[in-house]
Amino acid sequence: MRAMKNIVILISGRGSNMEAIVHAAQSEQWPAKIAAVISNRADAPGLRFAAKQGIPTNVVTHQDYPTRDTFDAALQATIDQYQPDLVALAGFMRILTSAFVEHYSGRMLNIHPSLLPSFPGLATHRQALAAGVRVHGATVHFVTPTLDHGPIVEQAAVPVLSNDTEDTLSQRVLAQEHIIYPRAIRLFVEGRLTLENGMVRVLDPA
Ligand code: GRF
C-alpha cells in the first residue's frame, strides 16, 4: 500500500468543509494528499480556493448527462484518474446511484448537517426547528446506497436556542462540521477507521 493516501473531495458550492479538510491535512501533516477537488457545478466558489492551493480541479456538469447512470459513470471515471483511497463528499448535492456507491464501498464518507438518523435529506436546520428539538448537530458517515443512512463515524451536537433562525443554527452546526469532518478523515488516512460487517471500528493510534 502507498504510504501517502489520495483523497478526492467532491463539492457543489461554497466548499468550507473542503477548506477545513485541506487546512487540517496541511497543518497536521497527514500521510495524505488532496489529489483533486471535483464539482458538478462550474460556478462552485470552492473551486477557486482549491485551485489557489495548487490542487487539481475538475468539473463534471450533471446537466451534460441525460441520466444519473451516465453522469455517475463520468464522475467515477474522473475520480478514478486520481486513484483515490478515499472519496469525501463535502456539500456534494447530487443523489448517487447504487453502482457508484458500491464502487467506493468502505472508502467514501459524507458530512450531513443533522444528528442522523434524524433529519436526512435537505433543509435539515429548518426540519430541526420545526420539530422543536433542543439539540441538533452534524454527522460524518460512510456512504451507502440509502441516502444519509450509512454507518456513523463522528457526530457533534449543538444546542438549539429559543431565538435561533435557520441561519444562526446552521452556523453553529457548520463550526462543528469543520471539526468532525477533518477528524474522521484523519482517522481514515491513518488507517484507523474501518468498516467491519457494516459497523464502524476505530483503532487506537499505533
Ligand atoms: C454543509 O452544511 C454540509 O454538511 C451540507 O452542505 C453544506 C456544505 O457546506 N451537506 P460547504 O460547501 O462545505 O461550505
Across region 1-27, which residue is most open to solvent (accessible area, probe 1.4 Å) among those that are aliphatic (A, V, I, L, M) and more than 13 Å from the ligand (Cβ to nearest atom)?
Met1
Just checking, does region 65-79 include any residue being at pLDDT 95 or above, more than 22 Å from Thr146 (Cα to Cα) and among the aliphatic types (A, V, I, L, M)?
yes
Would you be able to say whether some residue in region 21-29 is in contact with a strand residue (DSSP E or B) (Cβ under 9 Å, 6 or more places away or on another chain) and not in a helix (DSSP H, G or I)?
no
Out of the residues in region 28-46 that are over 20 Å from Gly191 (Cβ atoms) and open to solvent by 20 Å² or more (accessible area, probe 1.4 Å), which is farthest from the ligand (Cβ to nearest atom)?
Ala42
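Any residue that is assigned to a strand (DSSP E or B), among the polar types (S, T, N, Q) and in contact with a Lys or Arg (Cβ under 6 Å, 6 or more places away or on another chain) - is there at least one of those in region 180-197?
yes
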Please work out if His149 is surrounded by 13 or more Cβ atoms within 10 Å (Cβ to Cβ) and in contact with a helix residue (DSSP H, G or I) (Cβ under 9 Å, 6 or more places away or on another chain).
no
Would you check which residues across region 157-206 are within 22 Å of Leu122 (Cβ to Cβ) and among the charged types (D, E, K, R) and list them?
Asp164, Glu166, Asp167, Arg172, Glu177
Test Leu169 against the stated conditions and say whether it is hydrophobic (A, V, I, L, M, F, W, C) and either within 16 Å of the ligand (Cβ to nearest atom) or without any contact (Cβ under 8 Å) to a residue 24 or more places away in the chain (or both).
yes
Taking Gln83 as meeting all but one of (1) in a loop (DSSP other than H, G, I, E, B); (2) touching a strand residue (DSSP E or B) at 6+ places or on another chain (Cβ under 6 Å); (3) free of Cβ contacts under 8 Å to residues at least 12 places away in the same chain, write down the number of the exception.
(3)
Name every residue in region 175-206 that is in contact (Cβ under 8 Å) with a residue 40 or more places away in the chain and open to solvent by less than 30 Å² (accessible area, probe 1.4 Å), in order of residue number.
Glu177, Ile180, Tyr181, Pro182, Ala184, Ile185, Phe188, Val189, Leu193
From the options Ile55, Ile38, residue that is part of a strand (DSSP E or B) and touching a helix residue (DSSP H, G or I) at 6+ places or on another chain (Cβ under 9 Å):
Ile38
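The values are calculated or read from the model by the stated rules, or taken from the named source; none is laboratory data. None of the values given here were measured: they were computed from a predicted structure. Note that we place each Cβ from the backbone using ideal geometry, even for glycine, and neighbour counts take in every protein chain shown. In case anyone asks, the SASA skips ligands and DNA or RNA and just uses the protein heavy atoms, side chains included. Shrake-Rupley method; radii C 1.70, N 1.55, O 1.52, S 1.80 Å.
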